[in-house]
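S.K.: One structure, as structure tokens, below. Some questions next.
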Amino acid sequence: MRTDTKIHDWRIDPREYARQEARRGSRHAYQRVDPVRTALIVVDMVPFFAEANPYVRGIVPNIGRLAEALRTAGGLVVWVLPANEAPLGRVSGEFYGPRVRAKFAATAGEGPLRSRLWRALDCRPDDLVVEKTAYSAFFPGRSPLPGLLDERDIDTVLITGTLTNVCCESSARDAATMGLRVLMVADANAARRDREHNAALHTIYRSFGDVRSTDEVLDLIGRPCPN
């Protein structure tokens, strides 16, 4: 098992912080969360990606910290896995070519869903585990996740996992479009390079949700909500 790890050198441009502060009066959109109505969404943390990318392995401890804190506070942890099919449906062969299409279709691995997660992750019995057949975990008809969150009256999602600029960003965009409060956890997402990671964080922060560190999110989870 690969054990070398990295964490992205992440940043939001100070000019973007200043723009948001001028627009809404605060750097961060969401000052509080209700843990009971919050779900940690962990995207695509499977061996296919973890073996190949030290940044994916590097975010495992932060995902674990978030999961433990949210469970303790009464929130929900959801592990989202890729299904064994290419994410662009019937055009996948034409778009990717047959070799890459077949590679995408094998990313999920085999066996029961919980057994497909990267072995360093701690998936508990009360956690949810779902599959998605698109890049986004929130695209209508491509994952059961939106309905499951709606049944539980979830209003806030913490987006983590990989790749920051593909499945995580796609999920964050669609979650925001559905009216959910989106927090992208900057040091619990992984891309292939810092510049790709930071470009995705900038896009989310600018237009779709908040961007916070793991420590900041832990503080929000532990902060009492107003009555």
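S.K.: For residues in region 121-150 being open to solvent by 40 Å² or more (accessible area, probe 1.4 Å) and basic (Lys, Arg), which is farthest from residue 87 (Cα to Cα)?
M.R.: Only one residue tops the list, namely 124.
S.K.: Using the structure shown, decide if residue 36 is of a type in the set (Val, Ile, Thr) and open to solvent by 50 Å² or more (accessible area, probe 1.4 Å).
M.R.: yes
S.K.: Name the single residue, out of those in region 46-72 being of a type in the set (Gly, Ala, Ser) and touching an Asp or Glu at 6+ places or on another chain (Cβ under 9 Å), that is surrounded by the fewest Cβ atoms within 10 Å (Cβ to Cβ).
M.R.: My answer is 64.
S.K.: Please list, ordered by first then second residue, the pairs with beta carbon atoms under 6 Å, 6 or more apart or interchain, first in region 159-182 and on the phi > 0 side of the Ramachandran plot, second in a loop (DSSP other than H, G, I, E, B).
M.R.: 161/44; 161/45
S.K.: Go through 153, 187 for me and flag whichever is in a strand (DSSP E or B), open to solvent by 10 Å² or more (accessible area, probe 1.4 Å) and in contact (Cβ under 8 Å) with a residue 40 or more places away in the chain.
M.R.: Testing whether each residue is in a strand (DSSP E or B), open to solvent by 10 Å² or more (accessible area, probe 1.4 Å) and in contact (Cβ under 8 Å) with a residue 40 or more places away in the chain leaves just 187.
S.K.: Here is a further query. Which of the residues spanning region 190-219 are farther than 18 Å from residue 16 by Cβ and touching a residue at least 12 places away in the same chain (Cβ under 8 Å)?
M.R.: 190, 191, 192, 214, 217, 218
S.K.: While we're here: State whether the residues of region 78-100 include one that is crowded, with 21+ Cβ neighbours inside 10 Å, on the phi < 0 side of the Ramachandran plot and free of Cβ contacts under 8 Å to residues at least 24 places away in the same chain.
M.R.: Checking region 78-100: at least one residue is crowded, with 21+ Cβ neighbours inside 10 Å, on the phi < 0 side of the Ramachandran plot and free of Cβ contacts under 8 Å to residues at least 24 places away in the same chain.
S.K.: Follow-up question, since we're still on this one. Condition first: in a loop (DSSP other than H, G, I, E, B), more than 12 Å from the chain's Cα centre (by Cα) and farther than 21 Å from residue 125 by Cα. Now tell me which residues in region 44-82 satisfy that.
M.R.: 51, 52, 53
S.K.: Quick test of your reading of the structure: residue 217 fulfils all but one of (1) over 13 Å from the mean Cα position of the chain (by Cα); (2) surrounded by fewer than 19 Cβ atoms within 10 Å (Cβ to Cβ); (3) not aromatic (Phe, Trp, Tyr). Name the failing condition by number.
M.R.: (2)
S.K.: If you check 16, 21, 94, 85, which single one turns out to be more than 18 Å from the chain's Cα centre (by Cα) and under 23 Å from residue 195 (Cα atoms)?
M.R.: On inspection, the qualifying residue turns out to be 16.
The values are calculated or read from the model by the stated rules, or taken from the named source; none is laboratory data. These numbers come from a predicted model, not from an experiment. All Cβ positions, glycine included, derive from the backbone under ideal geometry; neighbour counts span all protein chains shown. For accessibility, only protein heavy atoms count, side chains too; no ligands or nucleic acids. Shrake-Rupley method; radii C 1.70, N 1.55, O 1.52, S 1.80 Å.
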